[in-house]
Amino acid sequence: MIYAVLFYMENYQPEMMTHLLIQVDVFGFTRVAQQEQERLAKIKNLSITYEEKQVLVNRTVFMGATHDMVKLALGDPKKIVERMWEAKNIMLTYYVYYLPNDNRPTILVFQDDKLINAYKGSALDVGN
């Protein structure tokens, strides 16, 4: 019975399986738990406030976060786009994420390695 539940979770609910492994494996026996412990150690060593660290630990981000901080919180983006904002002659970097249970992509906008905007996009936003 336990094997059947684990098989189901691994194949049909991978986010739930990952969450379960992170919660149960406190010693880092599994690859998922080891990666989570490494992520938490990197966040702990950042020179930011405790509150900002907690935001990253909870897999969310805050305005002013760097590319590396966002990757620690959300993982690697599915797409990265760089575009010139012609009116102000500023290069902007867009990170596109498809978060679990979201129908629309989350788009994060960076200027000079600082998060300046975040919004829910559409297929039109990430098509180009």
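The values are calculated or read from the model by the stated rules, or taken from the named source; none is laboratory data. These numbers were taken from a predicted model, which means no experiment stands behind them. Here Cβ is always computed from backbone atoms with ideal geometry, including for glycine, and neighbour counts include all displayed protein chains.
Let's see how each residue does on (1) farther than 18 Å from LYS120 by Cα; (2) among the β-branched types (Val, Ile, Thr); (3) at pLDDT below 95:
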site: ILE48; (1), (2), (3): yes, yes, no
site: ASN58; (1), (2), (3): yes, no, yes
site: PHE62; (1), (2), (3): no, no, no
site: ASP68; (1), (2), (3): yes, no, no
site: PRO100; (1), (2), (3): no, no, yes
site: ASN103; (1), (2), (3): no, no, yes
site: THR106; (1), (2), (3): no, yes, yes
Near pairs, Cβ below 9 angstrom, 6+ apart or cross-chain, from region 81-98 (free of Cβ contacts under 8 Å to residues at least 12 places away in the same chain) to any residue that is among the β-branched types (Val, Ile, Thr) and assigned to a strand (DSSP E or B):
ARG83/THR93; MET84/ILE90
Go through the residues of region 51-69 one by one and say whether even a single one is among the hydrophobic types (A, V, I, L, M, F, W, C), under 19 Å from GLN35 (Cα atoms) and surrounded by fewer than 16 Cβ atoms within 10 Å (Cβ to Cβ).
yes
Is it the case that some residue within region 25-33 is outside any helix (DSSP H, G or I), of a type in the set (Ser, Thr, Tyr) and at pLDDT 95 or above?
no
